[in-house]
Structures are given as C-alpha cells and as structure tokens.
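Peer 1: What follows is a single structure, and I will ask about it in a moment.
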Amino acid sequence: MKINNKGKGALIAAITAAATLLSCGLAAASASAAGVDYLPTIGQVPTYTKFQPTADPGKNASDYFQPYWYAKNANDNGGTHIQAHGGQVVKVGDAYYWYGEDRSNGYDNSPGVHAYMSTDLYNWTDLGVALRAVTSKSQLTDKSNADYAYFDKAYNLTKSDGSVDAAKADAIFPYLNTNPDQDGDGAVDSVQGIFERPKIIYNKKNKQYVLWWHSDGSTTPGGSNYARALAGVAVSDNPAGPFTMVGAYRLPNQNNWKEAAGNPSWGENGDSRDMTVFVDPKDDSAYVLYSSEANATLYIAKLNDDYTNVVKTTNVDQSEGQKQYSADGQYPYILADSTTDAPVRGEDF
C-alpha cells in the first residue's frame, strides 16, 4: 500500500532536501573519495516533483505537531499520520527504521518514541511505540492496570515476595511520565518528562540497539519542562523495541562553562539538550554530541563499550538539532543555527 497522496509531496520534499544536503556535504568534504563510484555527487541527485513548503504555523498553533506523512498499520490497511518528530532513520539489514517523538496527543501526554519500518523509504509500516511513556503512576504500581504487565517486564517492578517495588516505580516515574495532571482535574499536580531527539545506534558487542534521547522535564509540578536537561538512554534487543530505560543523567562540561559561554542568564552545569549519537565504523567507538551551557556550547563525548554512558568529552562548537553521518572516512556534521523555534536551514560542516 502506498502512502496517502496527502503526504506524498512532503515526504518527497524531505527526501529531496536530505539527498541534496548529503550530496553537497560529501562533495565538499570528501576529497579522498575522488573516483569512488558509490558516493553520491551533485550531478547524481535525482530530480523530484517540487513541493511548496508549508509555512510554520507557530509553536502555539493547535496543529503545530500535525504531520503530513501517512503510514499503513501493521495490523490493517488504514493510513495514519506518522508520529516521528525530531527523530532519525536507521538502516538495519534491508529495512529502514524511522524513530521519533510521538505527538499524537500534542505536547503533553506523549506516548513516547514511535517506530516505523520501510523497505523503500516510501511505504511505511507502523510498529507502535518503541520506548513507552506513562500517563498514570498506576501503570507502574497497580497490578490490575492493563499496562502494568508491560512495564513490569521492562523494569522488574514485582519483587520476589509478589509485592510491587514502590521505590523503583517512584524512581523511574519522573522520567517516563508525560502527564502533568494525574488526577484529571485540569490542574498541574505532577512533574513530567520530555522525550525529544531520539537517536539509535547498534552495539555489536552486546547485540543491542541503544537509544539516546534528550530527556528533559520539570523538577517541580508546574515548573519549566526544560529544567532537567538530561541525556536518557534505553536498550533493546530488537530495532522495533520494546526499549527499556537504563539511565538519565547530566553530561560533562568544563568547570568555567558560564564564563566560556558568555555568562548566559540560564543553564546549569552539565546540562544536555539537543543531541545525536554516532559510531565510528573504523573501530566501533561511539560518541554523543550534545548542546550544553544554555545551548551556547556543543560537546563531543566518547561512550563506554556498552554505549550507555560517557568516558570523556571535548568542547567543539555550538548548535541545536544535530545529525552526524560518515562516508569513506569523512565525518560531515549537520546542525541548525539555534536562532528560532521555526524551521531553519541546516548547515553542513
């Protein structure tokens, strides 16, 4: 089944932009790749049907997260909007997996990180939520809740005596909860977590897929949803999930960060926001790249052998919305210039 025609133009536009940017970056940065047939060049970029981009509606618009792409459900032939904002497409074997933020409910009450699969980058199958959030604490504490079994299997919430491990539920709830109104009375009564910029890498040693994301959220009910500024990590044996969170933490930065960042009025030591992860194909070492220090500085940190934490870091630049890729030993880097919440043109380094 092909994608609904309503989404065809936007998908083609996205592919066109990505292909053009990729080819231009490779042509400029890959002097050593001269004569290599399989690398794309500007002259090899196919011509697609033009599509006039949609004007940014503004982040307060009711349909701000309304996507234009459609996918078929794995269980039926119905077309549904693809919910994969701020994400990534990863190739696994002959298939492509598209991960991103699920905004089907708008900003609050996000189901988590959604996954889709395709073999042609045109027809997409909905695989469901790969990393699940919760919207009620009872999902972690009440055995009669329909979702308890799922989260129990993921986080071992039932103790050996059969009782619920309330301490563990309390510990993971702030990171998984996306509902600030737990009692449903319309008032904020709980901290909430944020799932943004999910990125996937594969760990050959452990045979696991490792998902990193911008794990943010409030520290007090009603507080800023970007007060934590953490990096979240989850793992799975399957690219479609389910993924289990194994950590969420601040990342390293320099001691004099405030002075080095121009004394910003906000930001805290070790904060981490927009980010991406990357595996060096030469030696399988992995790295996380993240905005820090009030988004004024970009750090590169090497990951441990499990790809679940960092071992060292280096300061390099400033940006948001990062994506790094490699081709023939070169390491181009795509980022946004952090000047506005509206869509901006990426830059390739």
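The values are calculated or read from the model by the stated rules, or taken from the named source; none is laboratory data. Keep in mind that what you see is a predicted model, and the values were worked out from it rather than measured. Neighbour counts run over all protein chains shown; Cβ positions are idealised from the backbone, glycine included.
The rows are residues; the columns are (1) out of contact with any Leu (no Cβ under 7 Å at 6 or more places or on another chain); (2) more than 18 Å from Arg197 (Cα to Cα).
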residue: Lys91; (1), (2): yes, no
residue: Gly100; (1), (2): yes, no
residue: Asn109; (1), (2): yes, no
residue: Gly112; (1), (2): no, no
residue: Asp126; (1), (2): yes, yes
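Peer 1: Quick check on segment 331-348. Is at least one of its residues at pLDDT 75 or above, assigned to a strand (DSSP E or B) and either hydroxyl-bearing (Ser, Thr, Tyr) or in contact with a helix residue (DSSP H, G or I) (Cβ under 6 Å, 6 or more places away or on another chain) (or both)?
Peer 2: Within segment 331-348, not a single residue is at pLDDT 75 or above, assigned to a strand (DSSP E or B) and either hydroxyl-bearing (Ser, Thr, Tyr) or in contact with a helix residue (DSSP H, G or I) (Cβ under 6 Å, 6 or more places away or on another chain) (or both).
Peer 1: Search segment 171-188 for residues being under 22 Å from Trp212 (Cα atoms) and in a loop (DSSP other than H, G, I, E, B), and hand back the single one that is nearest to the chain's Cα centre (by Cα).
Peer 2: Thr178
Peer 1: If I filter segment 137-170 down to residues being assigned to a loop (DSSP other than H, G, I, E, B) and among the hydrophobic types (A, V, I, L, M, F, W, C), which single residue comes out as surrounded by the most Cβ atoms within 10 Å (Cβ to Cβ)?
Peer 2: If we take residues in segment 137-170 being assigned to a loop (DSSP other than H, G, I, E, B) and among the hydrophobic types (A, V, I, L, M, F, W, C), then Leu157 is surrounded by the most Cβ atoms within 10 Å (Cβ to Cβ).
Peer 1: What's the number of the only condition in (1) surrounded by fewer than 21 Cβ atoms within 10 Å (Cβ to Cβ); (2) touching a strand residue (DSSP E or B) at 6+ places or on another chain (Cβ under 7 Å); (3) not hydroxyl-bearing (Ser, Thr, Tyr) that Leu131 fails to meet?
Peer 2: (1)
Peer 1: Could I ask something else about it? Quick check on Asp216: is it in contact (Cβ under 8 Å) with a residue 24 or more places away in the chain and either surrounded by fewer than 19 Cβ atoms within 10 Å (Cβ to Cβ) or among the charged types (D, E, K, R) (or both)?
Peer 2: Yes: the conditions hold for Asp216.
Peer 1: Being among the charged types (D, E, K, R) and on the phi < 0 side of the Ramachandran plot: is that true of Arg197 here?
Peer 2: No, not satisfied.
Peer 1: The conditions are (1) surrounded by 17 or more Cβ atoms within 10 Å (Cβ to Cβ); (2) among the β-branched types (Val, Ile, Thr); (3) assigned to a loop (DSSP other than H, G, I, E, B); (4) at pLDDT below 95, and Val191 fails exactly one of them. Which is it?
Peer 2: With (1) surrounded by 17 or more Cβ atoms within 10 Å (Cβ to Cβ); (2) among the β-branched types (Val, Ile, Thr); (3) assigned to a loop (DSSP other than H, G, I, E, B); (4) at pLDDT below 95 applied to Val191, the lone miss is (4).
Peer 1: Here's another thing I want to ask about it. Out of everything in segment 219-259 that is part of a loop (DSSP other than H, G, I, E, B), buried (at least 21 other Cβ atoms within 10 Å of the Cβ) and in contact with an Asp or Glu (Cβ under 9 Å, 6 or more places away or on another chain), what residue ends up being modelled with the lowest pLDDT?
Peer 2: The selected residue is Asn253.
Peer 1: Conditions: (1) in contact (Cβ under 8 Å) with a residue 24 or more places away in the chain; (2) surrounded by 14 or more Cβ atoms within 10 Å (Cβ to Cβ). Asn105 meets all but one. Number of the miss?
Peer 2: The one condition Asn105 does not meet is (1).
Peer 1: Kindly establish whether Ser138 is of a type in the set (Gly, Ala, Ser), without any contact (Cβ under 8 Å) to a residue 24 or more places away in the chain and within 22 Å of Gly247 (Cα to Cα).
Peer 2: yes
Peer 1: Collect the residues in segment 273-298 that are at pLDDT below 90 and not in a strand (DSSP E or B), keeping them in residue-number order.
Peer 2: Arg273, Asp274, Glu293, Ala294, Asn295, Ala296
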